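A.B. asks: The following block contains the structure, expressed as structure tokens.
The values are calculated or read from the model by the stated rules, or taken from the named source; none is laboratory data. Note that the structure is predicted; figures quoted are calculated from it, not measured. Don't worry about glycine lacking a Cβ; one is built from the backbone with ideal geometry, like all the others, and counts go over all protein chains shown. With ligands, DNA and RNA removed, areas are computed over all heavy atoms of the protein, side chains included. Shrake-Rupley method; radii C 1.70, N 1.55, O 1.52, S 1.80 Å.
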Amino acid sequence: VCPVGALTERDHTNRLLEDLEDPDKVVIVQTAPAVRAALGEEFGLPPGTLVTGKMVYALRELGFDYVFDTDFAADLTIMEEGAEILKRLTAYLNGDKSVRLPILTSCCPAWVNFFEHHFPDLLDIPSTARSPQQMFGSIAKTYWAEKMGIPREKLVVVSIMPCLAKKYECDREEFKTNGNPDVDYSISTRELARLIKRANIGFTLLTDKDFDLPMGASTGAGVIFGTTGGVMEAALRSVCEIYTGNTLENVNFEQVRGLAGVRRATIDLNGFELKVGIAHGLGNARRLLEDIRNGRNEYHAIEIMACPGGCIGGGGQPLHHGHSDVLYARANALYREDAAKPLRKSHENPYIKTLYEEYLGKPLSETAEHLLHTRYFNKSID
Ligand code: SF4
């Protein structure tokens with residue numbers, strides 16, 4: 001079910017089928033990291049079976065013009081969010097009283113919706129970085145569309161998400177240009193499975209296909225976004241190297257992994273102790289935020305995901321009925337994909353580097369702020 005309890009599942013599959021048949025439209029798709037770790041369950045495969053390559057093949061068979069990966073945008077999120085963490089941390093340590101910590105992650109739209117409604121006095125502490133879904137849409141409809149010579153009105157950006165709140169995120173006004181959304185609509189993992197079955201695609205028999213470039217290229221850091229602790233671990237891989245100037249000998253931050261509801265870790269940055277927290281489930285998030293509101297903060301940065309387990313346990317995934325062994329299997333699938341990647345730090349993604357060289361300049365530049373950041377609204381009810 002939807003973690004904010006306010007959303008009903010909207011099915012966009014018929015709209016998608018119409019778009020795929022329209023010869024005037026270019027229809028592209030991005031797939032969130034958690035989808036590949038659970039989609040196979042809908043076809044009888046055991047939890048934790050990675051089906052990345054089969055999923056790409058099936059999306060091509062369904063008729064998408066380009067098949068990309070949200071993990072690319074997860075790497076981009078780390079570039080922006082990591083720069084924001086370093087900027088706020090440096091200002092705070094230099095005594096700037098206008099800067100508040102901890103910085104909170106902002107990639108989960110159910111979590112964003114929750115703090116806008118319940119903690120409007122803390123709207124200045126979450127990162128302003130858009131979610132990977134929205135960063136992808138923004139870059140696809142500007143940088144990539146311009147390179148490809150595709151007019152914005154002809155380009156349809158679809159996302160495959162483990163999440164029902166992502167459907168609502170696509171509709172937020174701040175993610176539209178002249179009424180045209182950056183991401184046109186989102187399809188859940190279960191809806192994708194239904195589409196594959198309707199098309200009579202023998203999913204389990206498919207061979208592996210690769211994502212298209214450039215927005216299909218990602219590092220291992222982008223992959224682990226799909227599980228609780230993954231965004232923090234991805235951020236730590238980049239923040240540690242950029243802050244200290246040293247190459248990490250081990251990129252696995254085991255301290256932030258696992259399924260405990262709230263986890264804490266202290267990371268040594270050349271003598272400075274960076275304190276981070278991870279929470280999943282909105283009950284845990286509420287307790288952390290109430291502590292912060294009451295001046296009992298012990299963290300510099302906190303990752304929060306609304307769903308138990310993070311996106312692997314999202315409301316659009318195959319139902320897991322609260323079985324933690326299913327969540328562990330899905331999380332381990334993502335850690336396996338991460339470990340097998342030749343590059344595992346977001347700032348080493350060569351296509352992200354090119355994007356900055358050709359278009360964005362540098363993290364937090366004026367263009368990056370415009371395309372990749374957002375603002376929050378007081379939605380509390382008196
Ligand atoms: Fe969606 Fe992931 Fe947030 Fe769950 S944790 S609401 S799946 S973004």
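A.B. asks: For the range 115-131, give me each residue that is farther than 22 Å from LEU76 by Cα and surrounded by 22 or more Cβ atoms within 10 Å (Cβ to Cβ). If you could, list the steps in order and put the result at the bottom.
C.D. replies: First pass over the range 115-131, keeping only residues farther than 22 Å from LEU76 by Cα: 115-123.
Listed by number, the list holds a single entry, PHE115.
A.B. asks: Being at pLDDT 95 or above, surrounded by 24 or more Cβ atoms within 10 Å (Cβ to Cβ) and assigned to a helix (DSSP H, G or I): is that true of ASP75 here?
C.D. replies: Working: at pLDDT 95 or above: yes; surrounded by 24 or more Cβ atoms within 10 Å (Cβ to Cβ): yes; assigned to a helix (DSSP H, G or I): yes.
Against the criterion (at pLDDT 95 or above, surrounded by 24 or more Cβ atoms within 10 Å (Cβ to Cβ) and assigned to a helix (DSSP H, G or I)), ASP75 qualifies.
A.B. asks: Follow-up. Which pairs have Cβ atoms under 9 Å, sit 6 or more apart or on different chains, and link a residue in the range 157-174 that is in contact (Cβ under 8 Å) with a residue 12 or more places away in the chain and open to solvent by less than 10 Å² (accessible area, probe 1.4 Å) to one that is of a type in the set (Lys, Arg) and within 11 Å of the ligand (Cβ to nearest atom)?
C.D. replies: Taking only residues 6 or more apart or on different chains, the pairs are SER159/LYS166; MET161/LYS167.
A.B. asks: Still on this structure, please answer the following. Could you say whether any residue in the range 203-218 is modelled with pLDDT of 95 or more, among the polar types (S, T, N, Q) and open to solvent by 60 Å² or more (accessible area, probe 1.4 Å)? Spell out how you get there, then give the answer.
C.D. replies: Of the range 203-218, the ones modelled with pLDDT of 95 or more are 203-218.
Now narrow it down to the ones that are among the polar types (S, T, N, Q): 204, 207, 218.
Now drop any that are not open to solvent by 60 Å² or more (accessible area, probe 1.4 Å), which leaves 204, 207.
Scanning the range 203-218, I find at least one residue that is modelled with pLDDT of 95 or more, among the polar types (S, T, N, Q) and open to solvent by 60 Å² or more (accessible area, probe 1.4 Å), so the answer is yes.
A.B. asks: Now for a separate question. Take the residues in the range 84-110 that are more than 16 Å from the ligand (Cβ to nearest atom) and open to solvent by less than 10 Å² (accessible area, probe 1.4 Å), then tell me which one is farthest from GLU169 (Cα to Cα). Explain how you work it out, then say what you get.
C.D. replies: As a first pass, look at the range 84-110 and keep what is more than 16 Å from the ligand (Cβ to nearest atom): 84-103.
Filter again for open to solvent by less than 10 Å² (accessible area, probe 1.4 Å), leaving 89, 102-103.
On the way: LEU89: 28, PRO102: 24, ILE103: 21 Å.
Filtering the range 84-110 for residues that are more than 16 Å from the ligand (Cβ to nearest atom) and open to solvent by less than 10 Å² (accessible area, probe 1.4 Å), the one farthest from GLU169 (Cα to Cα) comes out as LEU89.
A.B. asks: Now a separate question. Please verify whether the range 360-377 includes one or more residues that are closer than 30 Å to ASP212 by Cα, within 16 Å of the ligand (Cβ to nearest atom) and either open to solvent by 30 Å² or more (accessible area, probe 1.4 Å) or assigned to a loop (DSSP other than H, G, I, E, B) (or both).
C.D. replies: Going residue by residue through the range 360-377, those that are closer than 30 Å to ASP212 by Cα are 360-374.
When the remaining residues are screened for being within 16 Å of the ligand (Cβ to nearest atom), the result is 374.
With either open to solvent by 30 Å² or more (accessible area, probe 1.4 Å) or assigned to a loop (DSSP other than H, G, I, E, B) (or both) added as a condition, the list becomes 374.
Yes - at least one qualifying residue is present in the range 360-377.
Here is a yes/no grid of residues against (1) over 21 Å from PRO109 (Cβ atoms); (2) among the acidic types (Asp, Glu):
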position	(1), (2)
SER324	yes, no
LEU343	yes, no
HIS347	yes, no
PRO350	yes, no
LEU355	yes, no
GLY361	yes, no
GLU366	yes, yes
HIS370	no, no
ARG375	no, no
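A.B. asks: Out of PRO33, PRO3, I need the residue that is modelled with pLDDT under 95, crowded, with 18+ Cβ neighbours inside 10 Å and not aliphatic (A, V, I, L, M). Which one? Show your work before the answer.
C.D. replies: On the way: PRO33 fails: modelled with pLDDT under 95.
Unique residue meeting the criteria: PRO3.
A.B. asks: So if I check each of VAL156, VAL231, which one is more than 13 Å from the ligand (Cβ to nearest atom) and either touching an Asp or Glu at 6+ places or on another chain (Cβ under 9 Å) or of a type in the set (Val, Ile, Thr) (or both)?
C.D. replies: Details: VAL231 fails: more than 13 Å from the ligand (Cβ to nearest atom).
Of VAL156, VAL231, the one residue that is more than 13 Å from the ligand (Cβ to nearest atom) and either touching an Asp or Glu at 6+ places or on another chain (Cβ under 9 Å) or of a type in the set (Val, Ile, Thr) (or both) is VAL156.
A.B. asks: Shifting gears a bit: How many residues does the range 111-144 hold that are more than 16 Å from the ligand (Cβ to nearest atom), touching a residue at least 60 places away in the same chain (Cβ under 8 Å) and in contact with a Lys or Arg (Cβ under 8 Å, 6 or more places away or on another chain)? Steps first, please.
C.D. replies: The first filter runs over the range 111-144 and keeps only residues more than 16 Å from the ligand (Cβ to nearest atom), leaving 119-125, 128, 138-144.
Still in the list and also touching a residue at least 60 places away in the same chain (Cβ under 8 Å): 119-123, 125, 128, 138-140, 142-144.
Within this subset, residues satisfying the condition of being in contact with a Lys or Arg (Cβ under 8 Å, 6 or more places away or on another chain) are 119-122, 125, 128, 138.
Residues flagged as more than 16 Å from the ligand (Cβ to nearest atom), touching a residue at least 60 places away in the same chain (Cβ under 8 Å) and in contact with a Lys or Arg (Cβ under 8 Å, 6 or more places away or on another chain) within the range 111-144 amount to 7.
A.B. asks: For the range 313-371, what are the residues that are in contact with a Lys or Arg (Cβ under 9 Å, 6 or more places away or on another chain) and among the polar types (S, T, N, Q)?
C.D. replies: GLN317, SER346
A.B. asks: Continuing with this model, one more query. Farther than 18 Å from PHE72 by Cβ and open to solvent by 50 Å² or more (accessible area, probe 1.4 Å): does that describe LYS154?
C.D. replies: Details: farther than 18 Å from PHE72 by Cβ: yes; open to solvent by 50 Å² or more (accessible area, probe 1.4 Å): yes.
Yes, satisfied.
A.B. asks: Looking at the range 213-258 only, could you name the residues that are at positive phi and in contact (Cβ under 8 Å) with a residue 12 or more places away in the chain? Step through it out loud before you land on a result.
C.D. replies: Initial filter on the range 213-258 (at positive phi): 229, 245, 258.
Passing the criteria: GLY229, GLY258.
A.B. asks: Would you check which residues across the range 233-255 are open to solvent by 10 Å² or more (accessible area, probe 1.4 Å) and either of a type in the set (A, V, I, L, M) or not in a helix (DSSP H, G or I) (or both) and list them?
C.D. replies: Listed by number, the residues that qualify are ILE242, GLY245, ASN246, THR247, LEU248, GLU249, ASN250, VAL251, ASN252, PHE253.
A.B. asks: Look at the range 166-186 and say how many of its residues are over 17 Å from ALA129 (Cα atoms) and in a helix (DSSP H, G or I).
C.D. replies: Looking only at the range 166-186, we keep the residues that are over 17 Å from ALA129 (Cα atoms), and these are 167-168, 171, 177-181, 184-186.
Within this subset, residues satisfying the condition of being in a helix (DSSP H, G or I) are 167-168.
Total meeting the criteria: 2.
A.B. asks: Could you figure out which of (1) more than 16 Å from the ligand (Cβ to nearest atom); (2) in a helix (DSSP H, G or I) isn't true of GLU81?
C.D. replies: Failed condition: (1).
A.B. asks: Within the range 284-313, how many residues are closer than 19 Å to LEU123 by Cα and in contact (Cβ under 8 Å) with a residue 12 or more places away in the chain? Even if it seems obvious, please write down each step before you answer.
C.D. replies: Filtering the range 284-313 for residues closer than 19 Å to LEU123 by Cα gives 284-306.
With the extra rule that they be in contact (Cβ under 8 Å) with a residue 12 or more places away in the chain, the set shrinks to 284-289, 292-293, 297-306.
Total meeting the criteria: 18.
A.B. asks: Condition test on ASN297, is it closer than 16 Å to ILE103 by Cα, of a type outside the set (Lys, Arg) and open to solvent by 10 Å² or more (accessible area, probe 1.4 Å)?
C.D. replies: When the stated conditions are applied, ASN297 passes them.
A.B. asks: Moving to a separate point now. Within the range 62-74, is even one residue within 16 Å of PHE225 (Cβ to Cβ), within 16 Å of the ligand (Cβ to nearest atom) and in contact with a Cys (Cβ under 9 Å, 6 or more places away or on another chain)?
C.D. replies: Yes: the range 62-74 contains one or more residues that are within 16 Å of PHE225 (Cβ to Cβ), within 16 Å of the ligand (Cβ to nearest atom) and in contact with a Cys (Cβ under 9 Å, 6 or more places away or on another chain).
A.B. asks: Just for the range 297-337: of the residues that are small (Gly, Ala, Ser), under 19 Å from the mean Cα position of the chain (by Cα) and in a helix (DSSP H, G or I), which one is nearest to the ligand (Cβ to nearest atom)?
C.D. replies: So the first thing to find is which residues in the range 297-337 are small (Gly, Ala, Ser), and the list is 301, 306, 309-310, 313-316, 322, 324, 329, 331, 333.
Subsequent filtering for residues that are under 19 Å from the mean Cα position of the chain (by Cα) retains 301, 306, 309-310, 313-316, 331, 333.
Going one step further and asking which of them are in a helix (DSSP H, G or I), we end up with 310, 313, 331, 333.
Working: GLY310: 5, GLY313: 7, ALA331: 13, ALA333: 16 Å.
Taking the candidates together, the pick is GLY310.
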